[in-house]
Amino acid sequence: MRIINRLLMERTLPVSDRDFVESLIPQRTPFVMVSSIDHYTEDRLISGFQIQEENIFVHDGIFQASGLIEHQAQSVALHTGYKFYLLGKKAPTGYIGAIKSFEAYALPKAGDILKTEVKILNEIMGVTLVDAVTTLNDAVIASSQMKTVVK
């Protein structure tokens with residue numbers, strides 16, 4: 001099964017089909033903060049997100065820190081949703097359980113494309129501990145460690 005899933009992943013990623021990406025997360029427009037899956041393994045995901053001017057977290061052309069947190073959390077949800085997709089199951093609803101740390105080193109602008117790497121540190125009984133690092137043009141602009149909880 002893992003070999004088949006690995007072949008499936010290699011053939012289909014990266015994916016930026018809006019309908020497909022949104023089918024993997026519980027959020028809906030205008031609250032969607034991910035737009036692509038660039039890489040996936042059982043313990044890692046790289047997501048992408050192009051910030052639009054009309055995004056609810058954009059103020060005076062700047063994407064706010066709260067949007068970065070939401071983007072990172074949705075990247076975790078995207079990992080879970082894609083895992084369930086590969087298993088042929090419907091993606092579960094999840095929530096941010098706790099944010100252990102978050103640092104924003106710079107705030108991106110409308111039009112920028114973010115890349116976020118999520119590393120799964122531990123997953124037990126529906127609680128996932130992750131490290132998330134967001135980059136813009138290969139420069140780290142935000143990092144966090146958070147727990148998410150699957151309903």
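Restricting segment 26-38 to residues that are touching a residue at least 40 places away in the same chain (Cβ under 8 Å) and not in a loop (DSSP other than H, G, I, E, B), which is farthest from ALA91 (Cα to Cα)?
ASP38
Kindly indicate whether GLY48 is part of a helix (DSSP H, G or I), in contact (Cβ under 8 Å) with a residue 40 or more places away in the chain and not basic (Lys, Arg).
Numbers: part of a helix (DSSP H, G or I): no; in contact (Cβ under 8 Å) with a residue 40 or more places away in the chain: yes; not basic (Lys, Arg): yes.
So GLY48 fails the test.
Only one of these is within 19 Å of THR29 (Cβ to Cβ) and not hydroxyl-bearing (Ser, Thr, Tyr): GLU103, GLU70, GLU117, GLU123. Name it.
That would be GLU70, the only listed residue that is within 19 Å of THR29 (Cβ to Cβ) and not hydroxyl-bearing (Ser, Thr, Tyr).
Taking segment 85-109 as the search range and keeping residues that are of a type in the set (Ser, Thr, Tyr) and touching a residue at least 40 places away in the same chain (Cβ under 8 Å), which one is surrounded by the fewest Cβ atoms within 10 Å (Cβ to Cβ)?
SER101
Inspect segment 4-14 for any residue being at pLDDT below 95 and touching a Gly at 6+ places or on another chain (Cβ under 6 Å) and give the result as yes or no.
Within segment 4-14 (the criterion being at pLDDT below 95 and touching a Gly at 6+ places or on another chain (Cβ under 6 Å)), the answer is no, since none of the residues qualifies.
Does any residue in segment 138-151 that is in contact (Cβ under 8 Å) with a residue 40 or more places away in the chain come within less than 6 Å, Cβ to Cβ, of a residue that is assigned to a loop (DSSP other than H, G, I, E, B) and among the β-branched types (Val, Ile, Thr) six or more places away or on a different chain, and which pairs are these?
LYS151/THR93
One residue is enough: does segment 134-146 have a residue meeting the conditions at pLDDT 95 or above and closer than 18 Å to PRO26 by Cβ?
yes
Determine whether segment 94-113 contains at least one residue that is under 22 Å from PRO14 (Cα atoms), assigned to a strand (DSSP E or B) and under 15 Å from the mean Cα position of the chain (by Cα). Talk me through it step by step, then tell me what you get.
As a first pass, look at segment 94-113 and keep what is under 22 Å from PRO14 (Cα atoms): 111-113.
Narrowing the set further to residues that are assigned to a strand (DSSP E or B) leaves 113.
Now narrow it down to the ones that are under 15 Å from the mean Cα position of the chain (by Cα): 113.
Within segment 94-113, one or more residues are under 22 Å from PRO14 (Cα atoms), assigned to a strand (DSSP E or B) and under 15 Å from the mean Cα position of the chain (by Cα).
Give the residue, chosen from GLN27, GLN72, that is among the polar types (S, T, N, Q), surrounded by 14 or more Cβ atoms within 10 Å (Cβ to Cβ) and either in contact with a strand residue (DSSP E or B) (Cβ under 7 Å, 6 or more places away or on another chain) or modelled with pLDDT of 95 or more (or both). I'd like the intermediate steps shown before the answer.
On the way: GLN27 fails: either in contact with a strand residue (DSSP E or B) (Cβ under 7 Å, 6 or more places away or on another chain) or modelled with pLDDT of 95 or more (or both).
Going through GLN27, GLN72 in turn, just one is among the polar types (S, T, N, Q), surrounded by 14 or more Cβ atoms within 10 Å (Cβ to Cβ) and either in contact with a strand residue (DSSP E or B) (Cβ under 7 Å, 6 or more places away or on another chain) or modelled with pLDDT of 95 or more (or both): GLN72.
The values are calculated or read from the model by the stated rules, or taken from the named source; none is laboratory data. Remember, it's a predicted structure, so these values are computed and weren't measured experimentally. Please note: Cβ atoms are built from the backbone with ideal geometry, for glycine as well, and neighbour counts cover all protein chains shown.
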